[in-house]
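Reviewing the structure listed below.
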2 protein chains.
Amino acid sequence: MAPYSVMVTGANRGLGLGLVKEFMKNKEIHKIIATARNPNDAKDLKQIQDDRIHLVKLDVTNDESIKNAHAEVKSIVGDKGLTTLLNNAGIWVKYVTKQEPNRADFMKNMDVNAVGVAILTQNLLPLLRQSAARMKGDFSLDRAAILNISATYGSISKNTTGSGPLKGLAYMTSKSALNSLMKTMSIDLSSDGILVANFCPGWMQTDMGGPKAPLTVDQSAAELVSSFAKLNKKHHGGFFSRSLQAIPY
Amino acid sequence: MAPYSVMVTGANRGLGLGLVKEFMKNKEIHKIIATARNPNDAKDLKQIQDDRIHLVKLDVTNDESIKNAHAEVKSIVGDKGLTTLLNNAGIWVKYVTKQEPNRADFMKNMDVNAVGVAILTQNLLPLLRQSAARMKGDFSLDRAAILNISATYGSISKNTTGSGPLKGLAYMTSKSALNSLMKTMSIDLSSDGILVANFCPGWMQTDMGGPKAPLTVDQSAAELVSSFAKLNKKHHGGFFSRSLQAIPY
């Protein structure tokens, strides 16, 4: 597995940073685009000594920011296009049924975790199509792919907790929306040879997951990247655990 | 089946109007609250001669409008509370993967079909709880219920068409979000005795469905109301066809 270029959103910390580090281990990957809302604050990313890494400013809720990032990515990948887009940036705005209604909070979660992902992906489609057309052949991460960090919490059928102590009403709704969005996009993009798949990374020790989580970021990132390498046409449009087990919607 | 009061959103035309007419046939229902964004234009509703019908102005994307509607509903239902809230209002903003990205259009679909439903429902919870507490006993439409008009198009696992000729990317995403939202809310509201269920009305001859649809609004409304009457605890949090067959998420 060696996509020519990989772009990871929300790469300044947590799983995004872990995925960048994991991709770095593969010397055949030529370009690793790591995005952050505030590149100046992305201390860990800046400390990495690797010419393949390109730090790009990106806020998925801002159309202007997406346009600027698109232009930068285009100049980085050149006529080879973008091989793999990994939509990782996400937020968890606490929200429960029995609280004072707050439309802005709910919409913010939907915007970052689902609608913003749609808008960014649409903007990058020409670059992904360029890679897919150049490589031809089977569906794979090396030809062209859109991978999404979703969550088992977004599984509607497996939901037995409700909002729960983590206050996940808006978060869960937004991840179900992401799963739906990408299932539809996967069908729309089949004829272009662009692979689409959604993943749950598991419960990790991050700012979002807290210190009690059973998994380290490095463990999850390693398992995810190993599963990404196995992706083919039969996984197109699917929703999987980090070890590539199907998760029901 | 005879809830003391029923509230139907988006009742000025299409399925909403059909459901109001169907509920009217049940003489044991005391209050039928029909909402519309522009009550002045709701000609069909205004022509109905039935003292039980109360026309209330409501735009689910507007917090101020929801607050005003809540106050009106409260004065209509009195200390009996609101028995059944039927979230029917919805839109279909055409959107496909391969188009110029348009965040406002996508967000509008999410706001009306999912987030606005969350905000309205949260605002009405005290009135629904009042009814549930007064009636006690089994889960039913007559005690307290939140029913939602979703769509099989919102089923992620059954999606084989992609955006399709109807340009459903944003619509499908928003209905999956609605299904997820209400599954979570159903668990959060179990202890309050408030039944929650989602329905697909089928493809109907409405402004949204077009003239080629196989079902009339009256047929769908009759089947839906018949199914509503059968709802009990085992349907809580579920997603069903108009004839009460389970639909996978």
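Can you compute the modelled spin-label distance between A:N68 and B:K67, with each label point 7 Å from Cα toward Cβ, in nm? In this crude spin-label approximation the distance works out to 3.6 nm. Mind putting together the pair-distance distribution for the range B:169-209? All Cα pairs, 10 Å bins, whole percent per bin, short to long. Per 10 Å bin, starting at zero, the Cα-Cα P(r) for the range B:169-209 comes out as 24, 42, 25, 9 percent.
In plain terms, the residue of A:L85, A:L128 with the fewest other Cβ atoms within 10 Å comes first and the most crowded comes last, giving A:L128, A:L85. Each label was represented as a point 7 Å from its Cα along the Cα-to-Cβ direction; for A:K136 and A:Q47 these points are 4.7 nm apart.
Across the identical copies, the label point of A:P214 (7 Å from Cα in the Cβ direction) is separated from its matches by 4.6 nm, in order from shortest.
Using a 10 Å cut-off around each Cβ of peptide B:121-130, what is the average number of partner chain Cβ atoms that fall inside? Write down the numbers at each step before the final one.
On the way: counts 2, 11, 2, 0, 3, 0, 0, 0, 1, 0.
The shielding value for this peptide is 2.
Reducing the range A:63-141 and the range B:125-192 to their Cα centroids gives an inter-centroid distance of 28 Å.
Taking only the C-alpha atoms, wrap a convex hull around chain B and report its volume per residue in Å³ as a whole number. Mind dumping the intermediate values first?
Values: hull volume 29.7 nm³, N = 249.
Convex hull of Cα atoms, per residue: 119 Å³.
The calculated 222 nm mean residue ellipticity attributable to helices in chain B amounts to -11500 deg cm²/dmol, summing -39500 (n - 2.57) over DSSP H runs of n ≥ 4 and dividing by all residues.
Using the count of nearby Cβ atoms within 10 Å as a rough guide to exposure, how do B:R13, B:R134 rank from fewest to most?
Numbers: B:R13 18, B:R134 14.
Starting with the residue having the fewest Cβ neighbours, the order is B:R134, B:R13.
The HN-Hα couplings worked out from phi for the range B:2-11 by the Karplus form 6.51 cos²θ - 1.76 cosθ + 1.60 (θ = phi - 60°) are 7, x, 4, 9, 10, 10, 10, 8, x, 9 Hz, whole numbers, x standing for Gly and Pro.
On the basis of the beta-carbon distance and an R0 of 41 Å, B:S226 and A:Q99 show a calculated FRET efficiency of 0.70.
Sorted from closest to farthest, the other copies place their A:A2 label points 7.7 nm away, with each point set 7 Å from Cα along Cα→Cβ.
Across the identical copies, the label point of A:I48 (7 Å from Cα in the Cβ direction) is separated from its matches by 6.0 nm, in order from shortest. Close amide-amide hydrogen proximity is noted between B:I33 and B:V6, B:M7, B:V8, B:H54, each under 5 Å apart and 5 or more residues distant or on a separate chain (H modeled in the peptide plane; Pro and chain starts excluded). Per the Debye calculation on the protein assembly as shown with a single equal scatterer at every Cα and no solvent contribution, log₁₀ I(q)/I(0) for q = 0.05, 0.08, 0.09, 0.12 Å⁻¹ amounts to -0.20, -0.50, -0.62, -1.00.
Do any of B:K175/B:K234; B:K57/B:K80; A:K108/B:K183; A:K158/B:K230; A:K183/B:K43 go past 30 Å between their Cα atoms, and which? The partial results should precede the final answer.
Numbers: B:K175/B:K234 22 Å; B:K57/B:K80 22 Å; A:K108/B:K183 20 Å; A:K158/B:K230 25 Å; A:K183/B:K43 40 Å.
The pairs that break the limit, which is 30 Å between Cα atoms, are A:K183/B:K43.
Taken together, the values in this text are just the output of simple stated rules run on the coordinates, not laboratory data. Note that the structure is predicted; figures quoted are calculated from it, not measured. Every residue, glycine among them, receives a Cβ derived from its backbone with ideal geometry; neighbour counts consider all protein chains shown.
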